[in-house]
Amino acid sequence: MSVPPAGAPASARITSAGLLALVALEILWETRLAPLSPTSAWFAVKALPLAALLPGTYAGRRRARQWLALLLPWYAAEAAVRAWSEPGRHALVATAVCVLAIAVFGALLVSFRHERRREPPNPGARPGDGV
């Protein structure tokens with residue numbers, strides 16, 4: 001797996017790097033940094049959907065990034081709830097995950113905007129189509 005090409009917009013590179021960091025932090029959160037209990041390491045499985053989207057996101061595939069846009073709010077919401085309801089180190093790690101998920105989501109939206117601006121207009125489209 002390689003990083004996005006140098007010609008890719010900065011937002012695409014930030015999205016890819018942030019997604020990789022989010023996958024790593026999700027795994028570390030549930031295994032080492034702040035596990036819920038000694039036997040709860042299996043909660044790290046929740047990082048698998050994000051990990052499955054890594055290759056497509058790095059390649060700049062629209063469909064993978066669309067799925068990522070659908071999943072990220074759920075990860076941010078779960079982290080926000082746990083940041084609010086858990087004490088100490090657990091809340092700190094959850095806050096970091098929440099901030100990172102929101103940052104990746106923002107970079108993803110900016111990359112969609114850049115992509116839309118680069119697309120040539122469709123001459124056969126009627127006003128209001130594909131808005």
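The values are calculated or read from the model by the stated rules, or taken from the named source; none is laboratory data. Since the structure is predicted, the reported quantities are computational estimates derived from the model, not experimental observations. Heads up, the Cβs are rebuilt from the backbone with ideal geometry, glycines too, and the neighbour counts pull from every protein chain shown. Note: areas computed on protein heavy atoms with side chains; ligands, DNA, RNA excluded. Shrake-Rupley method; radii C 1.70, N 1.55, O 1.52, S 1.80 Å.
Using a basic spin-label model with each label point 7 Å from the Cα along Cα→Cβ, how many nm lie between Ala91 and Thr39?
Output for this residue pair reads 2.9 nm.
Which cross-chain or sequence-distant (5 or more) residues have an amide H under 5 Å from the amide H of Leu36, H modelled 1.01 Å from N in plane?
Here nothing satisfies the definition.
Please identify the trypsin sites (Lys or Arg not before Pro) of the range 34-121 that satisfy two criteria: DSSP loop assignment and at most 16 other Cβ atoms within 10 Å. Which are they?
In loop regions of the range 34-121 (DSSP not H, G, I, E or B), the sparsely surrounded trypsin sites (Lys or Arg not before Pro) are Arg61.
Counting each DSSP H run of 4 or more residues in the chain as -39500 (n - 2.57), what helix-only mean residue ellipticity at 222 nm follows after dividing by all residues, to the nearest 500 deg cm²/dmol?
My calculation for the chain gives -23000 deg cm²/dmol from helical runs alone.
Pick out which of Gly18, Gly88, Gly60 has the largest mean-square fluctuation in a Gaussian network model of the chain, springs linking Cα atoms closer than 10 Å.
Among Gly18, Gly88, Gly60, the largest mean-square fluctuation in the Gaussian network model of the chain belongs to Gly88.
Just to confirm the number: angle between the C-alpha axis of helix 62-85 and the first principal axis of the chain, 0 to 90 degrees, nearest 10?
So the helix axis and the longest Cα principal axis differ by about 30 degrees.
Provide the gained length on full extension for the span Val99 to Arg116, in nm with one decimal, where the gain is 0.36 nm per separating residue minus the Cα-Cα distance.
3.5 nm
Could you give the dipole magnitude of the chain about its Cα centre, charging the beta-carbon of Lys and Arg +1 and that of Asp and Glu -1, in debye to the nearest 20?
Charge dipole, the chain, about its Cα centre: 400 debye, nearest 20.
Using only Cα atoms and rounding to the nearest 10 degrees, what angle (0 to 90) does helix 88-118 make with the longest principal axis of the chain?
Long axis of 88-118 versus the principal axis of the chain: about 10 degrees.
How large is the accessible surface of Leu48 in square angstrom, using a 1.4 angstrom probe and rounding to the nearest 10?
110 Å²
How do Glu86, Glu119, Glu30, Glu78 stack up against each other in accessible area, from largest to smallest, with a 1.4 angstrom probe?
Glu119, Glu78, Glu86, Glu30
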